[in-house]
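J.: Here you go, one structure.
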Amino acid sequence: MSQHDRTLPRAATSEVALSARGLTKTFGAFTAIDDVTFEVARGTIHGLIGPNGAGKSTLFGLLTKFLTPTAGKIHLGGEDITRAKPEEVVRRGMVRSFQISAVFPHLTLRENIRVALQRKHGMDVQFWQPTRRLSVLDDRVDALLDQVNLLDLGDQRASDVSYGRKRSLELATTLALDPQVMLLDEPMAGMASADIGAIAELIRRAAQDRTVLMVEHNLDVVDDLCDRVTVLARGAVLAEGSFEEIRANQEVRESYMGAGHE
């Protein structure tokens, strides 16, 4: 039986928000993603971990349709999105954040969120409009700022706030698109230890009525947040289960965590 024909543990008990079946991506003779099958249950936080070069970013690119798979299928909420375009995936409710903070540094925090809301409400081509015409978005902007504890900084330029607050702002702009599925690419990357707990709590709150798939190298964060974990190695699924099951897996410990990881 091939990997993508097997029965996955969560499928029998949970509705599936996002799934890949036999997903493969080759670049010439190099296989970056090799017959990957996994499912993300709706309403859960699902971790994707693995050593550098395991294929995590390539897999994210495939799921969000910035890359075209060589083989396999991708389903979002039961709909086949294998050949969909990136903008179609966003309209269907899946949004990705990136490892490097992607905000407009010379705009205020409030203006950054307003730009995202303009996209959501079909007003993204109305930059020529007077600012007062966009005041209809103000309440939602303030609500999103408050949700990520940035309301008191709304009028500061993004370039003037700390890196941790930039990441909070990026989460708010992602939430502005009202996604049902969020793909977070190393949300703790470059984060000071003092900020990690705050960002983790923001993710936990954001996930209360959403599904989250997150790539993360900080295993303490994965342990704290994730309901289920998939481990990639050399482009293939090495193991899947709860964090406790992953931590107890000898092959995972030797290839990624290190045999001495506790």
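The values are calculated or read from the model by the stated rules, or taken from the named source; none is laboratory data. Everything quoted here is computed from the prediction, not taken from an experiment. Here Cβ is always computed from backbone atoms with ideal geometry, including for glycine, and neighbour counts include all displayed protein chains.
J.: Of everything in the stretch 59-85, what is touching a Ser or Thr at 6+ places or on another chain (Cβ under 6 Å) and of a type outside the set (A, V, I, L, M)? Give them in sequence order.
T.: From the stretch 59-85, those touching a Ser or Thr at 6+ places or on another chain (Cβ under 6 Å) are 70-75; that's our starting set.
Scanning the stretch 59-85 gives Thr70, Gly72, Lys73, His75.
For every residue, the table says whether it meets (1) closer than 20 Å to Ala207 by Cβ; (2) modelled with pLDDT of 95 or more; (3) not assigned by TED's automatic domain parsing to the domain that holds Gly235.
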| position | (1), (2), (3) |
| --- | --- |
| Gly47 | yes, yes, no |
| Leu67 | no, yes, no |
| Pro105 | no, no, yes |
| Leu117 | no, no, yes |
| Asp124 | no, no, yes |
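J.: Now for a different question. Answer yes or no as to whether Ser168 is of a type in the set (Gly, Ala, Ser) and out of contact with any helix residue (DSSP H, G or I) (no Cβ under 8 Å at 6 or more places or on another chain).
T.: So Ser168 does not fit the description; no.
J.: Return a yes/no flag: does the stretch 192-214 have any residue that is touching a Phe, Trp or Tyr at 6+ places or on another chain (Cβ under 7 Å), on the phi < 0 side of the Ramachandran plot and not acidic (Asp, Glu).
T.: No, the stretch 192-214 has no match at all.
J.: Can you tell me which residue within the stretch 43-81, out of those that are within 18 Å of the chain's Cα centre (by Cα) and polar (S, T, N, Q), is surrounded by the fewest Cβ atoms within 10 Å (Cβ to Cβ)?
T.: By that ranking, first place goes to Asn52.
J.: Would you please name the residue that is surrounded by the fewest Cβ atoms within 10 Å (Cβ to Cβ), looking only at residues in the stretch 194-218 that are out of contact with any Leu (no Cβ under 9 Å at 6 or more places or on another chain) and not acidic (Asp, Glu)?
T.: Checking each candidate, the answer is Gln208.
J.: Just for the stretch 144-182: of the residues that are farther than 19 Å from Ala198 by Cβ and of a type in the set (A, V, I, L, M), which one is surrounded by the fewest Cβ atoms within 10 Å (Cβ to Cβ)? First the steps, then the outcome.
T.: Keep residues of the stretch 144-182 that are farther than 19 Å from Ala198 by Cβ, which gives 155, 157, 159, 176-181.
If we keep only those that are of a type in the set (A, V, I, L, M) as well, we get 176-177, 181.
Details: Ala176: 24, Leu177: 16, Val181: 22.
Taking the candidates together, the pick is Leu177.
J.: Within the stretch 15-57, how many residues turn out to be β-branched (Val, Ile, Thr), closer than 19 Å to Pro86 by Cβ and in contact with a Lys or Arg (Cβ under 6 Å, 6 or more places away or on another chain)?
T.: So the count comes out to 1.
J.: Just one of the numbered conditions (1) of a type in the set (Gly, Ala, Ser); (2) at pLDDT 90 or above; (3) closer than 23 Å to Leu137 by Cα is not true of Ala176; which one?
T.: Going through (1) of a type in the set (Gly, Ala, Ser); (2) at pLDDT 90 or above; (3) closer than 23 Å to Leu137 by Cα one by one, Ala176 breaks only (2).
J.: Asn218 is checked against (1) closer than 20 Å to Arg96 by Cα; (2) touching a Gly at 6+ places or on another chain (Cβ under 9 Å) and fails just one. What number does that condition carry?
T.: All conditions pass for Asn218, except number (2).
J.: Related question: What pairs come up if the first residue lies in the stretch 210-223 and is touching a residue at least 12 places away in the same chain (Cβ under 8 Å), the second is crowded, with 22+ Cβ neighbours inside 10 Å and among the basic types (Lys, Arg), and their beta carbons are under 9 Å apart, counting only those six or more places apart or on different chains?
T.: From residues that are touching a residue at least 12 places away in the same chain (Cβ under 8 Å), the pairs are Val215/Lys56.
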